[in-house]
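Derivation of every value follows stated rules applied to the coordinates shown; laboratory data play no part. Model, not experiment: these values are computed from the prediction. So basically every Cβ, Gly included, is an ideal-geometry build from the backbone, and we count neighbours across all protein chains shown.
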Amino acid sequence: MATPLVLVVDDEPMVREVLARYLAKEGFRVLTAQDGEEAVRSFEENGPDLVLLDLMLPKMDGLEVFRSIRVSMATPVIMLTARGEETDRLVGLELGADDYVTKPFSPREVVARVRAVLRRTGGGPMLPTRGVLRFGDVSLDAGRHEVRRGGAPIRLTRREFDLLLFLASQPGITFTRTQLLEDVWDFAWDGDTATVTVHVRRIREKIEVDPSDPRHLLTVWGVGYRFET
């Protein structure tokens, strides 16, 4: 599945820049728009997977943009609202917005909300629920929840299996430890990401010929991990 495309709509350059930088760092493709008319035009031309939409916009306000978007597609929308815009926020939610974030906000919180909405609406990574993935002498049966190496079964914990399936079904894509916690553990993590490192080490010990020189579950130094078949 293609990397999700997020359209960030806000008339404040700093907000657009910060959100775009954080989203790109977490692996998303990003487009930005500074007013309502540009937002609608970009939406129609690019078909983003999710829209981060400020309510207070020049040329066309956020609610108008939202109505225009929902005329043709049910694309997920997260509204960005100031504290004093409670009425508009409620209207947006009544119209069908998927979530809202109140300014000032933490960019990490926004990224976590984006991931949560994409998972909930089916716009996140679509992992196989059946079929067999093969790499080297290892086979991973998604439907049977079974991993074999050289034909012999390998005992993985549920979390180890989920992490291996997530990475193996998206080869060549680098994920940060924070992304893996949010997507595999299914929650935003504000603490130590060492749990990902520990699980990766355990998986390598079970599937790699030489865990100290892995062929499949690779470390991307300073970033995270990538799977190669």
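Residues whose amide H lies under 5 Å from that of Ile173, counting only those 5 or more places away or on a different chain, are Phe227; hydrogens are built 1.01 Å from N in the peptide plane.
Magnitude of the charge dipole for the chain, about its Cα centre and with charges confined to Cβ atoms of Lys, Arg (+1) and Asp, Glu (-1), is about 1220 debye. Sequence-ordered 3J(HN,Hα) estimates for region 29-45 from the Karplus curve with 6.51, -1.76 and 1.60 and θ = phi - 60° stand at 8, 9, 10, 10, 9, 9, 8, x, 5, 5, 4, 5, 5, 5, 4, 5, 7 Hz, glycine and proline given as x. Proximity of backbone amide H atoms, modeled 1.01 Å from N, is registered between Val30 and Val6 at under 5 Å, excluding neighbours fewer than 5 places apart on the same chain. Comparing Gly224, Thr75, Val147 along the charge dipole axis of the chain, the residue lying farthest to the positive side is Val147, per the Cβ-charge model.
Once amide H atoms are placed 1.01 Å from N in the peptide plane, what residues at a sequence separation of 5 or more from Tyr100, or on another chain, have their amide H within under 5 Å of its amide H? Here the answer is Met79, since their amide H atoms fall under 5 Å of that of Tyr100. Shown in residue order for region 16-24 are the 3J(HN,Hα) couplings computed by the Karplus curve 6.51 cos²θ - 1.76 cosθ + 1.60 at θ = phi - 60°: 4, 5, 5, 5, 4, 5, 5, 5, 5 Hz (x for Gly and Pro). In plain terms, if you count all Cα to Cα distances in region 132-227 and split them into 10 Å steps from zero, the share in each step is 16, 53, 28, 3 percent. 3J(HN,Hα) along region 163-174: 5, 5, 4, 4, 6, 5, 7, 9, x, x, 9, 8 Hz, from the Karplus curve 6.51 cos²θ - 1.76 cosθ + 1.60 with θ = phi - 60°, whole Hz, x for Gly and Pro.
Scaling the Cα radius of gyration of the chain by the globular reference 2.2 N^0.38 Å produces a ratio of 1.16.
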